[in-house]
Amino acid sequence: MSDDTPRVQVMENGPLLVFGDVPLVSREIIRDQDGDSLSWGTEVALDQPAKSPYALCRCGKSSNKPFCDGTHSTVGFDGTETAPTDTFADRAERHEGEGMTLLDDKVSCIHAGFCGAGGTYVWSLMEETGDVGTRALAMAMTERCPSGRLLYEVPGASTPVEPSMPKQVVLIPDGPIWLTGGIPVERSDGEPFETRTRTTLCRCGASGTKPLCDGAHADVGFEG
């Protein structure tokens with residue numbers, strides 16, 4: 001495969017190699033006074049190495065975040081990949097509503113919080129999606145989920161609905177690497193993960209489902 005083809009390769013107990021001319025940006029979560037996640041802030045373009053591939057830290061210890069500086073080898077980083085290798089369709093639970101069906105893959109969750117606001121959660125909204133406004137809210141909450149844990153189907157569609165997103169590598173401040181636009185990810189053993197429109201990869205080093213993020217960055221107080 002050409003080095004110009006956008007993709008991410010996981011290195012064994014090492015960094016993530018980013019191939020292709022894929023923009024590197026930062027985007028933060030906009031929260032309200034109660035800490036509920038409401039929306040995504042404006043993306044900020046980041047400087048990136050001109051040469052492909054470049055290496056992004058996933059041990060969480062680099063002094064040159066988000067880029068790898070080789071610290072993984074000195075701290076004995078264990079990057080063992082334990083994320084499931086089956087598909088979203090294999091894992092997702094179905095929650096039927098009127099006019100839509102919510103699909104939920106708990107393994108992909110990073111606890112970004114877009115599934116709930118003001119004490120209301122998208123799962124409970126499934127009982128009220130006969131109301132067009134409630135259905136639109138449930139759809140919007142689902143589409144803001146960065147990891148793709150949540151998708152929805154609508155009657156007559158052959159596949160779940162995905163938001164249109166550019167191919168980008170997005171750094172969520174103090175959080176994971178967010179791949180958008182369907183960038184393929186390859187395991188260190190050369191096997192591919194399922195390519196999805198939205199994928200979140202660990203960069204704190206503490207995830208229990210490496211290379212995917214599982215929200216551990218919040219538990220360990222990751223900064224970067």
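Where in region 59-89 is the amide nitrogen less than 17 Å from a point lying 7 Å along the Cα-to-Cβ axis of residue 51? Backbone N within reach: 67-70. Helical runs assigned H by DSSP (4 residues or longer) give the chain a calculated mean residue ellipticity at 222 nm of -3000 deg cm²/dmol, each run adding -39500 (n - 2.57) before division by the residue total. Calculation over all alpha carbon pairs of the chain in 10 angstrom steps from 0 returns a P(r) of 8, 33, 35, 18, 5, 0 percent. Couplings 3J(HN,Hα) for region 83-93, derived from phi with the Karplus relation 6.51 cos²θ - 1.76 cosθ + 1.60 (θ = phi - 60°), are 5, x, 10, 7, 10, 3, 4, 5, 9, 5, 8 Hz, where x marks Gly and Pro.
Dipole magnitude for the chain: about 520 debye, using +1 per Lys or Arg Cβ and -1 per Asp or Glu Cβ, origin at the Cα centre.
Phi angles across region 132-145 convert, under the Karplus curve 6.51 cos²θ - 1.76 cosθ + 1.60 with θ = phi - 60°, into 3J(HN,Hα) values of 4, x, 5, 5, 4, 5, 4, 5, 5, 4, 5, 5, 7, 5 Hz, Gly and Pro given as x. Once the Cα-Cα distance is subtracted from the 0.36 nm per residue extended length, the residue 106 to residue 74 segment shows a gain of 8.2 nm. Take the Cβ atoms of residue 191 and residue 3, set R0 to 25 Å, and the FRET efficiency comes out at 0.80.
Taking amide H atoms as placed 1.01 Å from N in the peptide plane, list the residues 5 or more away in sequence, or in a different chain, whose amide H sits under 5 Å from that of residue 171. Here 25, 26, 27, 178 satisfy the definition.
Each residue of region 190-196 is assigned a 3J(HN,Hα), and the resulting list reads x, 7, x, 7, 4, 7, 10 Hz, derived from the Karplus form 6.51 cos²θ - 1.76 cosθ + 1.60 (θ = phi - 60°), x at Gly and Pro. Selection among 72, 99, 24 by position relative to the dipole of region 1-152 gives 72 as farthest towards the positive end (Cβ unit charges, Cα centre).
Read-outs: derived from the displayed coordinates by stated rules, not from any lab. Not measured: the values here are computed from a predicted model. Methodologically, a virtual Cβ is constructed for each residue, glycine included, from the backbone with ideal geometry; neighbour enumeration extends over all protein chains shown.
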